[in-house]
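Have a look at the structure below, then the notes.
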Amino acid sequence: RPVTIPIKNRHVFVTGGSSGIGLALAHQAASQGARVSLLARSLNKLQEAKESIRRSSGLDVSIFSADVRDYDAVQKAVNDAGPIDVLVVNQGVFVPQELEKQGLDEIKFMIDVNLMGSFNVIKAALPLMKERKDRLPASISLISSQAGQVGIYGYTAYSASKFGLRGLAEALQQEVIADNIHVSIVYPPDTDTPGFEKENEVRPELTKLLAGSSGSMKADEVAKKALDGIKSGSFTVPCNFEGHMLAIATAGLSPQRSFLMAFIEVASVGVLRLVGLFFQWNWYQTIENWHAKKNSKFAIIELSIYTLE
Ligand SMILES: NC(=O)C1=CN([C@@H]2O[C@H](COP(=O)(O)OP(=O)(O)OC[C@H]3O[C@@H](n4cnc5c(N)ncnc54)[C@H](OP(=O)(O)O)[C@@H]3O)[C@@H](O)[C@H]2O)C=CC1
Ligand SMILES: CCCCCCCCCCCCCCCC(=O)[C@@H](N)CO
């Protein structure tokens, strides 16, 4: 059933709120009258974020320096911040590389921050969320990725961490619905953020080529989609046109509170499976061509060495 989650005068707690999508969302929530708290590791970045929100909205946000991998530190921050009405679990790290080349330490880093870190944050925040006095609808939202809806070259560990969030979100929604808590999962495409800029320095060419199937967005645009999705209690929150197609093609057994969207899903899932297969066809062709080009480059180098000799 439809629901609206008010954010004015309510406590919005954003992890990874000192940069990119989280920071943009914090700005928007503050300007809509929410009381905002931010959690991230670097105190410097948190202070800059606090200052920039003060400058743009005149409002004071609370900041908490903690690593989501450290449960005790997260619990302390959440208890100091006070009961949360809208929890935005947004922290994330992404280092794309072929599995064969990627170290287990980097794989574990992504799973720990993106997936285990989300468990830590939710476990720490849930008891006080359930005890909130006003009984108004509350929200727990998770920032996944389109790479959490479909596996993409270079993202074995990252996709695994983001697909994991979906299982967490679907099961959790059944557990917290009786407490009037609504779970959302947001699936952004490539988004222009400091984290993305860093990712681009190491991104394999094929990752770039395949991820380019979905247009890229600005952090502000993604934050707006996310906040609108949260406020309307939508479970699945796509961010762009490709995202809407992906949401239908991968609807699975996710809950759906809009009768209109449910109808659109049922009517178009078949044809979108076909569209999805065309994308896969195209991606595997891109991969094949890339290997052929690489091999022919080697052949040319070998030939020139041979000629020189
Ligand atoms: N940008 C993109 O292309 C896309 C991003 N996403 C997802 O959106 C979310 C935000 O991404 P984006 O805005 O680009 O990221 P940024 O790298 O710009 O910001 C990441 C934020 O998370 C914090 N953070 C990172 N690690 C930890 C940690 N261990 N504990 C606590 N906080 C941490 C960072 O602060 P600090 O380093 O100080 O801890 C920072 O505030 C991520 O979950 C990402 O996977 C999804 C799709 C596309
Ligand atoms: C049924 C039809 C579907 C058609 C659309 C398919 C498009 C899929 C593109 C996936 C792009 C993944 C980007 C990941 C971004 C990200 O998370 C990184 N920047 C790291 O944060």
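Once the Cα-Cα distance is subtracted from the 0.36 nm per residue extended length, the residue 254 to residue 1 segment shows a gain of 89.7 nm.
The 3J(HN,Hα) values that the Karplus relation (6.51, -1.76, 1.60; θ = phi - 60°) gives for the stretch 246-253 are, in residue order, 4, 4, 6, 5, 10, 4, x, 10 Hz. Gly and Pro appear as x. Using a simple spin-label model with pseudo-atoms 7 Å out from Cα toward Cβ, residue 116 and residue 292 lie 4.4 nm apart. Taking the C-alpha atoms only, the angle from helix 156-176 to the longest principal axis of the chain is near 30 degrees. Overall shape: oblate for the stretch 192-294, with the ratio a/c of the largest to smallest alpha carbon gyration tensor axis at 1.5 or above and b/c at least equal to a/b. Here the calculated FRET efficiency for residue 299 and residue 109, from their Cβ-Cβ distance with R0 = 22 Å, stands at 0.05, rounded to the nearest 0.05. Give me the angle, in degrees from 0 to 90, between the Cα long axis of helix 71-81 and the longest principal axis of the Cα atoms of the chain, rounded to the nearest 10. Around 40 degrees separate the two axes. Pairwise Cα distances in the stretch 81-135 exceed 17 Å in 50 percent of cases. Against the longest principal axis of the chain, how steep is helix 43-57, in degrees 0 to 90 to the nearest 10, with axes from Cα atoms? The angle comes out at about 70 degrees. Mean-square fluctuations from a GNM of the chain, with a 10 angstrom spring cutoff on Cα atoms, peak among 157, 262, 125 at 262. Three semi-axes describe the equivalent ellipsoid of the chain; taken as square roots of 5 times the Cα gyration tensor eigenvalues and ordered largest first, they are 37, 24, 17 Å. FRET efficiency for the residue 31 to residue 179 pair, using the beta carbon distance and R₀ = 35 Å, is estimated at 0.80. Over 25 Å apart at the Cα level, from the set 45/133; 101/208; 162/198; 101/293; 50/208, are 45/133; 50/208. Per residue, the chain reaches -18000 deg cm²/dmol at 222 nm when only DSSP H runs of four or more residues are counted, each adding -39500 (n - 2.57). What is the list of residues in the stretch 155-194 whose amide nitrogen lies under 17 Å from a point 7 angstrom out from the Cα of residue 135, following Cα to Cβ? Answer for this model: 177-182. Between residue 128 and residue 198, the FRET efficiency estimated from the beta carbon spacing at R0 = 41 angstrom works out to 0.75. Annotation: amide H-H contacts under 5 Å for residue 181 (H modelled 1.01 Å from N, sequence separation of 5 or more, or interchain): 138.
Throughout, read-outs are computed from the coordinates displayed, never taken from laboratory work. Please read all numbers here as calculations on a predicted model, not as lab measurements. Please note: Cβ atoms are built from the backbone with ideal geometry, for glycine as well, and neighbour counts cover all protein chains shown.
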